[in-house]
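What follows is a set of notes on a single structure, which appears directly below.
The values are calculated or read from the model by the stated rules, or taken from the named source; none is laboratory data. Here the structure is a predicted model, which is why all the values come from computation and not from measurement. Every residue, glycine as well, gets a Cβ built from its backbone with ideal geometry; the counts of neighbours run over all protein chains shown.
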Amino acid sequence: MTKLYMAYGSNLNMANMASRCPDAKHLGSMYIPKWKLVFRHVADIVPTYDKEDLLPVGLWEITKDCEKALDFYEGYPTLYGKIKINGIMTYKMNNNKDILPPSSSYFHTILEGYTNFDLNPSHLYDALGWSHYTSDKHEWSLPKPKRKFKGTGYRLLTDKDNTNKDPYGY
């Protein structure tokens, strides 16, 4: 017996799903209104009241063995729980607290999945942007070095620079 499964994170990546769930069948993609992607270091979804919010998803047909493999991968029932949206099973994190950026490799795995399913990556980049805005706990969120005008060009400020001086060199 098979069931429908909607993926929104790393399970969009066809290479990953082929190794994790070799019997899964790629059915296509769609956008779910009033839901959006967020990062809690890994992908999660949240319902919204904004009809402009859309969650890009890939649709799979999975077997019982596939579901067991996905349960293990997703850390079900500890890290993720299962929910149904429009009658289709997906995973949602149990902890709704911290918004944290993903690792670069995890993000690019999902980005490749967006390409696999021909999804608009703007939703993915929006989630990444908000994860930086709300968190300072990741290397991507560290402040960028300030630039200081010096002569005819710019240079990076260093720890040796006297930060009490006028930043424009006047």
Residue that is farthest from the chain's Cα centre (by Cα) [pool: residues in the stretch 1-14 that are surrounded by fewer than 21 Cβ atoms within 10 Å (Cβ to Cβ) and not in a loop (DSSP other than H, G, I, E, B)]: Thr2
Residue satisfying all of: in the stretch 87-100; surrounded by fewer than 12 Cβ atoms within 10 Å (Cβ to Cβ) and more than 15 Å from the chain's Cα centre (by Cα); modelled with the highest pLDDT among these: Gly87
Any hit, the stretch 53-76, residues being surrounded by fewer than 21 Cβ atoms within 10 Å (Cβ to Cβ), within 22 Å of Ser104 (Cβ to Cβ) and of a type outside the set (Lys, Arg): yes
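Keeping to the stretch 46-74, report how many residues are of a type outside the set (Phe, Trp, Tyr) and closer than 20 Å to Ala127 by Cβ.
Final tally of qualifying residues: 14.
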Top-ranked residue of the stretch 101-116 - restricted to ones that are surrounded by 19 or more Cβ atoms within 10 Å (Cβ to Cβ) and of a type in the set (A, V, I, L, M, F, W, C), ranked as farthest from Leu54 (Cα to Cα): Phe107
Within the stretch 15-56, tally of residues that are assigned to a helix (DSSP H, G or I) and among the small types (Gly, Ala, Ser): 3
Test: residue in the stretch 72-79 that is outside any strand (DSSP E or B) and either within 18 Å of Met30 (Cβ to Cβ) or among the hydrophobic types (A, V, I, L, M, F, W, C) (or both): yes
Residue match in the stretch 119-129 (condition: more than 16 Å from Arg40 (Cβ to Cβ), crowded, with 20+ Cβ neighbours inside 10 Å, touching a residue at least 24 places away in the same chain (Cβ under 8 Å) and among the hydrophobic types (A, V, I, L, M, F, W, C)): yes
